[in-house]
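Here the structure is laid out as structure tokens; the discussion comes afterwards.
The values are calculated or read from the model by the stated rules, or taken from the named source; none is laboratory data. The shown structure was predicted, so the numbers you read here are calculated from the model rather than taken from an experiment. Neighbour counts are summed over all protein chains in view; Cβ atoms, including those assigned to glycine, are modelled from backbone coordinates with ideal geometry. Keep in mind that these areas ignore ligands, DNA and RNA; they rest on the heavy atoms of the full protein, side chains included. Shrake-Rupley method; radii C 1.70, N 1.55, O 1.52, S 1.80 Å.
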Amino acid sequence: MTATDFRITIHRRTARWDTEPVTAADALDFWSFAAGAANVIMQLSRPGVGYGVVESKVDSGNLLKHPWKRARTTFQYIAVAVLGTSEDRAAFREAVNTAHRHVKSGPDSPVRYNAFDRDLQMWVAACLFVGLEDTYQLLRGQMTAEQSEQFYRSAWTLGTTLQVGEDQWPPTRAEFDEYWAQACGRIAMDDRVRDYLLDLLNLRMINPVLGLPFRPLLKFLTVGFLAPVFRDAMGVQWSDFRQSLFERLFQLVAFANRFLPVFIRQGGSYVLLADVRRRVRRQRALV
Amino acid sequence: MLTSVRKLLAFEMTIAEWIGTAAILAVPYVIVGMVWTAVGGDPVGDHIGGQGQSRILSILGSIVSWPVLLVSTVCMT
């Protein structure tokens with residue numbers, strides 16, 4: 001196993017236009033959500049997370065039963081973690097904790113898990129960071145070493161919004177690579193989790209009239225955003241031709257994206273954040 | 001209130017983003033202009049006259065300057 005097995009490899013990408021300081025907030029352009037399903041697969045590849053989700057008794061947060069609600073709460077989590085204030089994060093943490101309290105393995109569970117396990121949460125946060133870094137660099141070009149460090153440091157709230165401690169994040173971006181390679185060694189997927197994820201990939205949870213036309217595109221984007229180790233775990237195929245198509249597509253998207261003002265690129269995340277604040281004010285359920 | 005005005009006035013956009021914003025705003029503007037020209041929205045003067053090149057120019061002129069033509073049409077009727 002080498003580094004290229006754990007992260008996607010891009011041969012041709014858009015050029016970097018600037019060396020200004022960056023933060024993870026710059027990565028919330030709506031195109032980034034093209035990597036959403038791939039990120040779910042990455043997160044669930046760790047058995048503790050996979051079984052925690054597949055066996056979860058919290059139906060209101062079940063991706064296959066309430067897909068739109070789950071999409072809203074997940075994207076709201078990212079918006080709150082990256083753009084929110086510490087009050088926003090505290091409110092969301094409290095709401096997530098309430099749901100997470102029900103997520104722990106039972107006597108019949110094949111693996112032991114608990115949603116408050118800080119190592120499992122660190123893995124999920126690391127997956128989110130990898131997803132944001134990959135999409136950001138596809139849209140804005142490869143970061144300089146200094147920018148990578150700033151981007152990485154600003155993304156820690158992806159974990160610290162829940163129970164991950166700052167001490168759990170490897171201190172530098174280079175050390176994160178070591179953590180990631182080592183954590184990827186713990187990827188294991190059995191049929192139960194794989195079937196669950198294939199249902200997601202086949203859009204079984206939404207109306208087929210809506211889902212069918214998007215299925216090929218979602219599959220293409222999802223497998224494109226998966227590093228080889230995750231592709232192997234899922235048992236999905238990829239080819240050099242598809243890779244070049246994927247890179248060309250994102251060169252085009254990146255070019256168009258440069259011309260979009262931020263309120264179009266990131267408007268969705270700010271709307272979701274405003275919705276969180278409205279729910280907090282009116283004391284309505286967040287998740 | 002004052003804070004949000006200041007925030008709005010201090011908002012920064014790249015030139016590329018300005019070009020994109022202009023293009024996005026131009027789409028509905030041009031569509032309205034084309035519809036206006038096609039349905040002959042100006043009932044007073046025959047604003048699309050001439051032949052050949054001058055006709056093309058007046059069609060383009062009508063598409064681009066539909067708000068002005070709209071005002072003059074309303075004022076003259």
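Scanning for something outside any helix (DSSP H, G or I) and within 30 Å of A:Thr98 (Cβ to Cβ), does the range A:273-283 turn up at least one residue? Yes; the residues of the range A:273-283 include at least one that is outside any helix (DSSP H, G or I) and within 30 Å of A:Thr98 (Cβ to Cβ).
Within the range A:116-129, one or more residues are open to solvent by less than 20 Å² (accessible area, probe 1.4 Å), touching a residue at least 40 places away in the same chain (Cβ under 8 Å), touching a Lys or Arg at 6+ places or on another chain (Cβ under 9 Å) and farther than 16 Å from A:Leu28 by Cα. Selection within the range A:54-89: residues that are touching a Phe, Trp or Tyr at 6+ places or on another chain (Cβ under 8 Å) and in a loop (DSSP other than H, G, I, E, B). The member of this set that is least open to solvent (accessible area, probe 1.4 Å) is A:Gly84. Checking each residue of the range A:161-171 against the condition of being among the small types (Gly, Ala, Ser) and either over 28 Å from A:Leu83 (Cβ atoms) or open to solvent by less than 30 Å² (accessible area, probe 1.4 Å) (or both) gives at least one match.
Of the residues making up the range A:248-257, those that are surrounded by fewer than 17 Cβ atoms within 10 Å (Cβ to Cβ) and within 12 Å of chain B (Cβ to nearest Cβ) are A:Phe255, A:Ala256. Checked against the criterion of being in contact (Cβ under 8 Å) with a residue 40 or more places away in the chain, within 28 Å of A:Asn114 (Cβ to Cβ), under 15 Å from the mean Cα position of the chain (by Cα) and open to solvent by less than 20 Å² (accessible area, probe 1.4 Å), the range A:148-158 has at least one qualifying residue.
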